[in-house]
Amino acid sequence: MGRVLITGGAGFLGSHLCERLVAAGHDIICLDNFFTSQKSNVAHLLDKPNFELIRHDITQPVWLEVDEVYNLACPAAPGHYQYNPIKTIKTSVMGAINVLGMAKRCRAKVLQASTSEVYGDPEIHPQTESYRGSVNPIGPRACYDEGKRAAESLFMDYKRMNGVNIRIVRIFNTYGPHMHPYDGRVVSNFIRQALSGEDITIFGNGEQTRSFCYRDDLVEGLLRMMDAPDDFTGPVNLGNPDEFSIRQLADLVLEITGSASSLVNKDLPIDDPIRRQPDISLAKEALSWSPATCLREGLQQTIDWFRTIDWSNYRPPTPNY
Ligand code: NAD
Ligand code: UDP
């Protein structure tokens, strides 16, 4: 069983990845600065002999001996990553340099959690890995999009220059239990609003689309990519190709929760992508992976979890971050 470092391991995706790898018997080091998460996401793992939690900021070097690294540390929700955009790009770029330097020294395999945002507001649909993207480099989303693009470039250069064993996955909108209820992402917002009887806030006319992947499916894709043959570095898209308009998502959340909340329209944020859908042919072929959970089923699980938590235990990003 390997020693595995998960940066951002206390977050939404990271905490589920920790659970899966702890259960499989690996030695897990979860590293996080808790900017967008809290210890409660991994509290149930703390008494396991094969789980360690380190509070650390990945913009600072880290010295550990591990066999595999999943690099997930980075705020992912637009409200979170735009809160301190300079810190966001530092986290992507310096975080990549720090994990790659460590992987080079201890010959670890290292997987980068990249994003569909590298495609920006895409001109081709659905998005294939060969598409180079349409990102506004000076807009409010650039701290995240360009940070992730620079990280991909660093990963490829460490492979070409130093032979580091890398993998890059481009994750499309993923949702599920352990999302931060105040992260401002569309699924968490709509569920929280529906359950509390607040208005459901549709940005723009709601005709923009996203393709929503359930957490368990996505984490299965991460595990398969880490275990893929060394000559398959990616980038590979991971996401659910079922495409929905934001308006359709709102209707489905209202139906499943039985909420009487009203739909209200707000301004569409700057540079908000109009359409997004992954082409997952490569993941199907190279990883034998495709998502198994439909949106209705995944939303039901997520809503059930939102009903069990005390929202007052979740805080917004800390102001002195
Ligand atoms: P999340 O915000 O729940 O998790 C990110 C984790 O990283 C948090 O625990 C946060 O505290 C930690 N973190 C942030 N900055 C850090 C720093 N400087 N040092 C150490 N830890 C830090 O988000 P998530 O949805 O779980 O996303 C995980 C990864 O997957 C991110 O890299 C994100 O960009 C990527 N991703 C997620 C999605 C999605 O839809 N969930 C889509 C595309 C890409
Ligand atoms: N959105 C919305 N209402 C909300 C939050 C988000 O209509 O309360 C829209 C947002 O404008 C975008 C889509 O939902 O078009 C997905 O937003 P999210 O922040 O979840 O992720 P993105 O894919 O934009 O990074």
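The values are calculated or read from the model by the stated rules, or taken from the named source; none is laboratory data. Just so you know, these numbers come straight off a predicted model, no measurement behind them. Cβ: placed from backbone, ideal geometry, glycine included. Neighbour counts: every protein chain shown. Side chains are part of the model used for accessible areas, which takes the heavy atoms of the whole protein and leaves out ligands, DNA and RNA. Shrake-Rupley method; radii C 1.70, N 1.55, O 1.52, S 1.80 Å.
Using only Cα atoms, locate the centre of region 207-226 and the centre of region 113-188, then give the distance between them in Å, rounded to an integer.
Computed from Cα coordinates, the inter-centre distance equals 13 Å.
Of LYS48/LYS159; LYS39/LYS159; LYS104/LYS284; LYS39/LYS284; LYS87/LYS159; LYS48/LYS284, which sit over 32 Å apart, Cα to Cα? Don't jump to the answer; show the numbers that get you there.
Numbers: LYS48/LYS159 34 Å; LYS39/LYS159 34 Å; LYS104/LYS284 29 Å; LYS39/LYS284 34 Å; LYS87/LYS159 26 Å; LYS48/LYS284 34 Å.
Beyond 32 Å between Cα atoms: LYS48/LYS159; LYS39/LYS159; LYS39/LYS284; LYS48/LYS284.
Write down the accessible area per residue of the chain in Å², having rolled a 1.4 Å probe over the full set of protein chains. Mind dumping the intermediate values first?
On the way: 13450 Å² over 321 residues.
Spelled out: the 1.4 Å probe surface of the chain, per residue, equals 42 Å².
How far, in nm, would the chain grow between GLU285 and ASN165 when pulled straight, counting 0.36 nm per residue and subtracting the alpha carbon separation? Walk me through the intermediate numbers first.
Numbers: separation 120, 0.36 × 120 = 43.20 nm, distance 2.07 nm.
Here the segment from GLU285 to ASN165 would lengthen by 41.1 nm.
Under the rule of -39500 (n - 2.57) per DSSP H run of 4 or more residues, summed and divided by the residues of the chain, what mean residue ellipticity at 222 nm is obtained, to the nearest 500 deg cm²/dmol? Spell out each step's value before the answer.
Details: 9 runs with 115 residues, N = 321.
Helices in the chain give a 222 nm mean residue ellipticity of -11500 deg cm²/dmol.
Can you give me the orientation-averaged projected area of the convex hull built on the Cα atoms of the chain, in nm²? Provide the component values of the computation, followed by the final result.
Numbers: hull surface 60.7 nm².
Over all viewing directions, the chain projects a mean Cα-hull area of 15.2 nm².
Once you order the gyration tensor axes a ≥ b ≥ c over the Cα atoms, which shape class does region 174-321 get: rounded for a/c under 1.5, otherwise prolate or oblate by comparing a/b with b/c? The partial results should precede the final answer.
Details: a/c = 1.81, a/b = 1.61, b/c = 1.13.
It is prolate, given that a/c is not under 1.5 and a/b is the larger ratio.
For the residue pair ALA292 and SER40, what label-to-label distance in nm results when each label sits 7 Å from Cα along the Cα-to-beta-carbon direction?
Taking the simple label geometry, ALA292 and SER40 are separated by 3.0 nm.
For region 253-321, go through all pairs of different Cα atoms, get the mean of 1/r, take its inverse, and jot down that Kirkwood value in Å. Please list the in-between numbers first.
Numbers: mean 1/r = 0.0597 Å⁻¹.
The Cα-based Kirkwood calculation yields 16.7 Å.
Relative to the longest principal Cα axis of the chain, at what angle does helix 142-162 sit, 0 to 90 degrees, rounded to 10?
On a 0 to 90 degree scale, this one is about 20.
Given a cut-off of 19 Å, what percent of all Cα-Cα pairs of region 97-232 lie beyond it? Write out the running numbers ahead of the final one.
Working: 5710 of 9180 pairs.
Every Cα pair in region 97-232 considered, those over 19 Å come to 62 percent.
When only C-alpha pairs under 8 Å and at least 6 residues apart count, what is the relative contact order of region 189-275, in percent? Please list the in-between numbers first.
Working: 101 pairs, mean separation 46.6, N = 87.
Relative CO of region 189-275 lands at 54 percent.
With the chain treated as a Gaussian network of Cα nodes joined by springs under 10 Å, which of LYS39, LYS48, LYS159 yields the largest mean-square fluctuation?
Its mean-square fluctuation being the largest, the pick is LYS48.
Which of the listed residues, HIS44, PHE34, GLY11, is farthest toward the dipole's positive end in the chain, when Lys, Arg count +1 and Asp, Glu count -1 at the beta-carbon?
After comparing all options, I get PHE34.
Given a 1.4 Å probe and every protein chain left where it sits, what share in percent of the accessible area of the chain is carbon and sulfur? Intermediate results must be reported in sequence, preceding the final value.
Values: 6660 of 13450 Å².
Here it works out to 49 percent.
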